[in-house]
Amino acid sequence: MWEDFQSYMGDLYHRRTDAFNYKTAYFLKRNWHSLSHTVGHNAWHIWDELRKVGYGFKLLNQDAKFFVRRQMRRIDTKYDKESYAESIKMKQVKIDFIKFIPFSVFIIVPGAELLLPAWLMIFPNSIPSQFLSDDARKKQFNMQMEKRRAAAEKLIYILPKYVYDLEKDPNVAEGDKKRLRELKHAFRSKNLLPTDLLQFRDLFTKYIQLKHFSPTALLHMAHFMGLTPVTGLNTLNNILRVVKVKIPLEAPGVKILTRMVLTRELKLYFNQLRKEDELMSFEQVEKFKPENLDYICYRRGIDIQDQNLD
């Protein structure tokens, strides 16, 4: 094989046209089936990718028109009230526009798409939603659900242990310790509902605030809520992944910073969920479009696949 290749390149270098043409024709004839299959497959793949990009631009154009119409309506109508679906849509469009700025480089610059895998390794959630395929959306949702399940398994042990430690803390009042024991028994109950914890809200306000937990526990809470927090170490750890090195959240020198960042992101997210719930409480959720319900459930990690909307 190597000798044939050397001979072929020698014919090309010395301009032996007849020998070069004969060997080229013989190679094409012998490998025509595999070459035609490879070229056809690559051409179909390129066309499919171009079709997806074109569809992404179509969706982006629709979102841009929606954004402009909504902004014009705000200007023209002073007391116009934004609906829940419009509020969620506006937030998503703004995020997509920001993501599209760096993503456009890979579309405009020839050959830049070769760097896209490396970019996604460092910034995995940087593709605008309009350019995500159904498979990519499903993969993201499955990853989110897997993170949520793993976080739930961790929190099952972290939260009760925290309550047990509070019960032994000498700085906790005796009356509060009695109620902490009641909370501990509530955690053990198999029929515990989120509303059952409202009677202990004073304990949560006094002893179980987010700032009292470790960065690792806060990260599990974020994953359980379907949130991917930006701790400041995400990008750096994605780069260091190449050399199989990772900076832990509770490393000396960064523990205080990561706790502050995670606490802030969780509080902002909880406030956002409260506002969204208030907006939904004034609207008829059953009249929401399927895509709006899908987005709401996706953001909150609710699996509605193969379920009847009724």
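Just so it is clear, none of the values below were taken in a lab; they were calculated from the coordinates. Predicted model only: the values in this text are computed from it and were never measured. Here the Cβ is made from the backbone with ideal geometry for all residues, glycine too, and neighbour counts use every protein chain on show.
Descriptive notes on the structure:
- Point-charge dipole on Cβ atoms (K/R +1, D/E -1) for segment 134-203, about Cα centre, debye to 20: 260 debye
- Taking the number of Cβ atoms within 10 Å of each Cβ as an exposure proxy, the fewest-first ranking of 131, 141 is 141, 131.
- DSSP-loop trypsin sites (Lys or Arg not before Pro) across segment 178-212, with at most 13 other Cβ within 10 angstrom: 190
- Here the dipole of segment 204-259 is about 60 debye; that uses its Cα centre as origin and unit charges on the Cβ of Lys and Arg (positive) and Asp and Glu (negative).
- Inter-centroid distance (Cα atoms) of segment 94-126 relative to segment 157-187, Å: 48 Å
- Taking other C-beta atoms within 10 angstrom as a stand-in for reagent exposure, 203, 227, 197 fall in the order 197, 203, 227, fewest first.
- Whether segment 134-267 is rounded, prolate or oblate, judged on the alpha carbon gyration tensor where a/c under 1.5 counts as rounded: oblate
- Judged by the gyration tensor of its Cα atoms, with axes a ≥ b ≥ c, segment 134-203 is prolate; a/c meets the 1.5 cut and a/b is the larger of a/b and b/c.
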